[in-house]
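Engineer: Starting off with a structure, shown below.
The values are calculated or read from the model by the stated rules, or taken from the named source; none is laboratory data. All figures in this text were calculated on a predicted structure; none of them were measured in a lab. As a convention, Cβ positions derive from the backbone with ideal geometry for all residues, glycine included, and neighbour counts pool all protein chains shown.
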Amino acid sequence: MIPDRLFRKLDRARLAKGTLTSLRPELHAAVEDLHAAHATYAEQGGVKVLHVACQALVDRLNRGFGLPEKRVFLRDRPRPHKRSEGRIVYELHGECDPYGPLEIFTRTAARANPVALKTLLNTLLHEWVHHYDFASFDESVHCTGFYERLAQVYKPLREQVDDRAAAGS
């Protein structure tokens, strides 16, 4: 159980001010690479090129925020899930082991299709924010502060993905 004091601390914590702004050019390039790698993965299969792009994005975030290195493992299989009365009631998108890698599942639970780029990006960044919290606070919980940190990183990158999709590339 998480002590109330730590929960409040995590709830108030923010990303380092100005860091994300200074990282935008590097992150922009990493998302462009991720977009291209995802397109290749969706068309041809083979998770290696996608793995390289995901690892590059995490590496840039870690360097930018002064965090320890974190390995990314992509699992090219459907998300683990549970069904109840024929419906999926739970599915695991990814995990962040505080002492091990980020693990991301790259296929949907129901049909085993490649996940959408936005979903992959959201899951990757969600797990990276857990890494940020573990490195910064020795704990990570889903609280208001966690989701605010996630939004600070995800929103500008999601806008880039949306802009690219609107441009038709």
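Engineer: Just name the residue that is surrounded by the most Cβ atoms within 10 Å (Cβ to Cβ) out of those in the range 67-115 that are among the aliphatic types (A, V, I, L, M), part of a loop (DSSP other than H, G, I, E, B) and at pLDDT below 95.
Structural biologist: Keep residues of the range 67-115 that are among the aliphatic types (A, V, I, L, M), which gives 67, 72, 74, 88-89, 92, 102, 104, 109-110, 112, 115.
Okay, now just the ones that are also part of a loop (DSSP other than H, G, I, E, B), so 67, 92, 109-110, 112, 115.
From what is left, the residues that are at pLDDT below 95 are 67, 92, 109-110, 112.
Working: LEU67: 16, LEU92: 14, ALA109: 19, ALA110: 13, ALA112: 12.
Only one residue tops the list, namely ALA109.
Engineer: Report the residue count in the range 136-153 for those that are of a type in the set (Val, Ile, Thr) and assigned to a helix (DSSP H, G or I).
Structural biologist: In the first step, residues of the range 136-153 are kept if they are of a type in the set (Val, Ile, Thr); the result is 141, 144, 153.
If we keep only those that are assigned to a helix (DSSP H, G or I) as well, we get 144, 153.
The qualifying residues number 2.
Engineer: Output yes when any residue across the range 121-135 is in contact with a helix residue (DSSP H, G or I) (Cβ under 8 Å, 6 or more places away or on another chain), crowded, with 20+ Cβ neighbours inside 10 Å and either aromatic (Phe, Trp, Tyr) or not in a helix (DSSP H, G or I) (or both), and no when none is.
Structural biologist: So far as the range 121-135 goes, yes, one or more of its residues are in contact with a helix residue (DSSP H, G or I) (Cβ under 8 Å, 6 or more places away or on another chain), crowded, with 20+ Cβ neighbours inside 10 Å and either aromatic (Phe, Trp, Tyr) or not in a helix (DSSP H, G or I) (or both).
Engineer: Tally time: how many residues in the range 136-155 are touching a helix residue (DSSP H, G or I) at 6+ places or on another chain (Cβ under 6 Å) and of a type in the set (Ser, Thr, Tyr)?
Structural biologist: Result for the range 136-155: 3.
Engineer: Looking at the range 1-52, which of its residues are modelled with pLDDT of 70 or more and in a loop (DSSP other than H, G, I, E, B)?
Structural biologist: Across the range 1-52, the qualifying residues are ALA13, ARG14, LEU15, GLY45, GLY46, VAL47.
Engineer: Could you please give the count of residues in the range 136-157 that are surrounded by 18 or more Cβ atoms within 10 Å (Cβ to Cβ), more than 14 Å from LEU61 (Cβ to Cβ) and in contact with a Lys or Arg (Cβ under 8 Å, 6 or more places away or on another chain)?
Structural biologist: Residues flagged as surrounded by 18 or more Cβ atoms within 10 Å (Cβ to Cβ), more than 14 Å from LEU61 (Cβ to Cβ) and in contact with a Lys or Arg (Cβ under 8 Å, 6 or more places away or on another chain) within the range 136-157 amount to 1.
Engineer: Next up: Only one of these conditions is not met by ALA166: (1) hydrophobic (A, V, I, L, M, F, W, C); (2) touching a residue at least 24 places away in the same chain (Cβ under 8 Å); (3) surrounded by fewer than 16 Cβ atoms within 10 Å (Cβ to Cβ). Which number is it?
Structural biologist: With (1) hydrophobic (A, V, I, L, M, F, W, C); (2) touching a residue at least 24 places away in the same chain (Cβ under 8 Å); (3) surrounded by fewer than 16 Cβ atoms within 10 Å (Cβ to Cβ) applied to ALA166, the lone miss is (2).
Engineer: Cβ-Cβ below 7 Å, separation at least six or inter-chain, first residue in the range 76-97 and among the β-branched types (Val, Ile, Thr), second part of a strand (DSSP E or B): which pairs?
Structural biologist: Within 7 Å, the pairs are ILE88/HIS81; VAL89/LYS82; VAL89/ARG83.
Engineer: Looking only at the range 111-163, how many residues end up being in contact (Cβ under 8 Å) with a residue 60 or more places away in the chain, over 20 Å from VAL52 (Cβ atoms) and among the aromatic types (Phe, Trp, Tyr)?
Structural biologist: Result for the range 111-163: 3.
Engineer: Here is a further query. Confirm whether ARG63 is surrounded by fewer than 15 Cβ atoms within 10 Å (Cβ to Cβ), more than 30 Å from ALA112 (Cα to Cα), out of contact with any His (no Cβ under 9 Å at 6 or more places or on another chain) and modelled with pLDDT of 90 or more. Spell out how you get there, then give the answer.
Structural biologist: Details: surrounded by fewer than 15 Cβ atoms within 10 Å (Cβ to Cβ): yes; more than 30 Å from ALA112 (Cα to Cα): yes; out of contact with any His (no Cβ under 9 Å at 6 or more places or on another chain): yes; modelled with pLDDT of 90 or more: yes.
Spelling it out, ARG63 is indeed surrounded by fewer than 15 Cβ atoms within 10 Å (Cβ to Cβ), more than 30 Å from ALA112 (Cα to Cα), out of contact with any His (no Cβ under 9 Å at 6 or more places or on another chain) and modelled with pLDDT of 90 or more.
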